[in-house]
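Read the figures in this text as sums done on the coordinates, not as results from a lab. Please read these numbers as outputs of a predicted model, since none were measured by experiment. Here the Cβ positions follow ideal geometry from the backbone for every residue, glycine too, while neighbour counts run over all protein chains shown.
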Amino acid sequence: MKAMILAAGRGERMRPLTDRTPKALLRVGGRPLIQRLVQALVEAGINDLVVNLAHLGGQIADALGDGGDLGARIAYSREAQALETAGGIANALSLLGTAPFIAVNADVCTDYDFSGLVTTARRLPQQGALAHLVLVPNPPHHAAGDFGLSGGWVTADGAARHTFSGIGAYQPALFAGIAPGSRARLADLLHAGIPQRQVTGELYPGYWQDVGTPERFAEADRRASAR
């Protein structure tokens, strides 16, 4: 099982913190965000990783190297300009291979156990699904949520909506129509697949925090430092 960490974004809302440091290298509890994710994936038995790079990406590659110090094997997918989530994944398919894989945003802090997602990812072909999303209860800054959930299938509507965590499992076929180097949004692919019952999901009630603003970054750092 391979996993991709999406680290190409500039983090505009995090400026000026991200003017000279990529968001993935901002430290939470004394450790870079991306290092925390690498270690969580390795602890779950996922050692083969792909990291996409754009804004100040050389700093990330220098910090992680080949991943050996963290028990991982890391390959890099370099983008001249950030290609958004789906575009970044499509650009890295040659490194990800033909089997289902996991992808996670580099700006996520969570205690989610990725080992269960490995099993879920392997079951996607048998279910006829192309994606599996980890949803979380809506945080205050995103009270409207993104998707509903019914019987293990993601819905585009519904009375109870939840927030996409930035953690998911995918089949490469979901991205087959995107030319390498093209910009594309994951949301567009998901909304096309949901009516076809191609997107499954789960609701994770545990700790999850996206580090999308300086305020949320400070909150994540306080929590991690107190542990």
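When the label point is put 7 Å from the Cα of Gln81 along its Cα-to-beta-carbon vector, which residues of the stretch 21-56 have a backbone N closer than 18 Å? From the stretch 21-56, the list is 53-56. Can you tell me how the stretch 36-162 classifies by the Cα gyration tensor, rounded, prolate or oblate, using a/c under 1.5 as the rounded cut? Verdict is prolate for the stretch 36-162.
If a spin label sat at a point 7 angstrom from the Cα of Ala99 along the line to its beta carbon, the backbone N atoms of the stretch 1-44 nearer than 15 Å would be those of 1-4. Each Lys and Arg contributes +1 and each Asp and Glu -1, all at the Cβ; summed about the Cα centre of the stretch 23-84, the dipole is approximately 220 debye.
Over the chain, Cα pairs under 8 Å with separation of 6+ residues give a relative contact order of 25 percent.
Hey, got the dipole for the chain? About the Cα centre, +1 on K and R Cβ, -1 on D and E Cβ, debye to the nearest 20? Show your work: numbers first, answer last.
On the way: 21 positive and 20 negative charges, 15 e Å.
Dipole size: approximately 80 debye.
Centre-to-centre, using Cα atoms only, the stretch 98-158 and the stretch 177-195 are separated by 16 Å.
Once a ≥ b ≥ c are taken as the square roots of the eigenvalues of the Cα gyration tensor of the stretch 74-116, is the result rounded (a/c under 1.5), prolate (a/b larger than b/c) or oblate (a/b not larger than b/c)?
On the way: a/c = 2.32, a/b = 1.37, b/c = 1.70.
Verdict is oblate for the stretch 74-116.
When Rg and Dmax are taken over the Cα atoms of the stretch 88-218, they come to 14.5, 42 Å.
Between Ser115 and Leu17, residue separation times 0.36 nm minus the direct Cα-Cα distance comes to 32.1 nm.
Between the amide H of Ser77 and those of Val51, Asn52, Leu53, distances stay under 5 Å, these residues lying 5 or more places away or on another chain, with hydrogens modeled in the peptide plane. The charge dipole of the stretch 33-150, taken about the Cα centre with unit charges on the Cβ atoms of Lys, Arg (+1) and Asp, Glu (-1), comes to about 300 debye, rounded to the nearest 20.
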